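What follows is calculated from the coordinates using simple rules that are stated; it is not laboratory data. Remember, predicted model here, so these are calculated numbers, not experimental data. So basically every Cβ, Gly included, is an ideal-geometry build from the backbone, and we count neighbours across all protein chains shown.
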Amino acid sequence: MNIEVILYEGCDELDVFGPFELLAGAGEATGRFTVRLVTLTDRESITASHGAQIRPHGVLSDAPDLLIVPGGGWNDRAPQGARAEAERGELPRAIAARHAGGTTVASVCTGAMLLAAGGLLTGRPAITHHVAIDDLRAAGANVIAEARVVDDGDVLSAGGVTSGLDLALWIIERELGPGAAAAAARELEYERAGAVWQADSLLTQG
């Protein structure tokens, strides 16, 4: 599975590196995942929300198997971040185009608002950071407030910042099985939290 994590100015560091570490580690252990940090256009680096300089591996490809979209900067209306990218429109359009081409899309925290801006969450179940839930609902999503991770097949979303870890562990479980997810959680010394929502079930983790 080819996985890409999209970077943009003002994205949140943990939204990026929580999923990246878990999924890259699972890839190293199994050979089943490759994970890249990418930008929409060729960039030497981006500055994340807390000032970290992140150097991408390359540019967003045309058809990754899974595209992970971090949040950052939405709730405080930062001049750079998810809200600015949603207003600009280029990144939401690129996300929507990959999804239309068959890419599964997953968001962390307020990355869900970039999916919503691309029209991917209208009438669909989703979750985001608790402060942005009203915005997500206003954008047309069916908010699953009790969930930490929402799995709607080709579109997944996760709640606030640390839920990116639970998203990544759920992706590992979905693709590689519960044993692989348990091993990845042990390696990180992380205890899974909250509930994973799917159309036919609500699975409690931890």
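With the highest mean first, a sort of the peptides 106-116, 21-31 on other beta-carbon atoms found within 10 angstrom per residue produces 106-116, 21-31. Amide H contacts of ARG36: ILE3, GLU4, VAL5, each under 5 Å away and 5 or more positions distant or on a separate chain (H built 1.01 Å from N in the peptide plane; Pro and chain starts excluded). Subtracting the Cα-Cα distance of GLU90 and GLU13 from their residue separation scaled by 0.36 nm leaves 25.6 nm. Taking the charge dipole of the chain about its Cα centre, with +1 at Lys and Arg Cβ atoms and -1 at Asp and Glu Cβ atoms, the residue from ALA182, GLY140, VAL35 reaching farthest to the positive side is GLY140. Judged by the mean number of other Cβ atoms found within 10 Å, the most tightly packed of the peptides 69-76, 165-172, 46-53 leads the ranking 165-172, 69-76, 46-53. Applied to region 167-178, the Karplus parametrisation 6.51 cos²θ - 1.76 cosθ + 1.60 on θ = phi - 60° returns per-residue 3J(HN,Hα) values of 4, 5, 5, 5, 4, 4, 5, 5, 8, 10, x, x Hz, with x for Gly and Pro.
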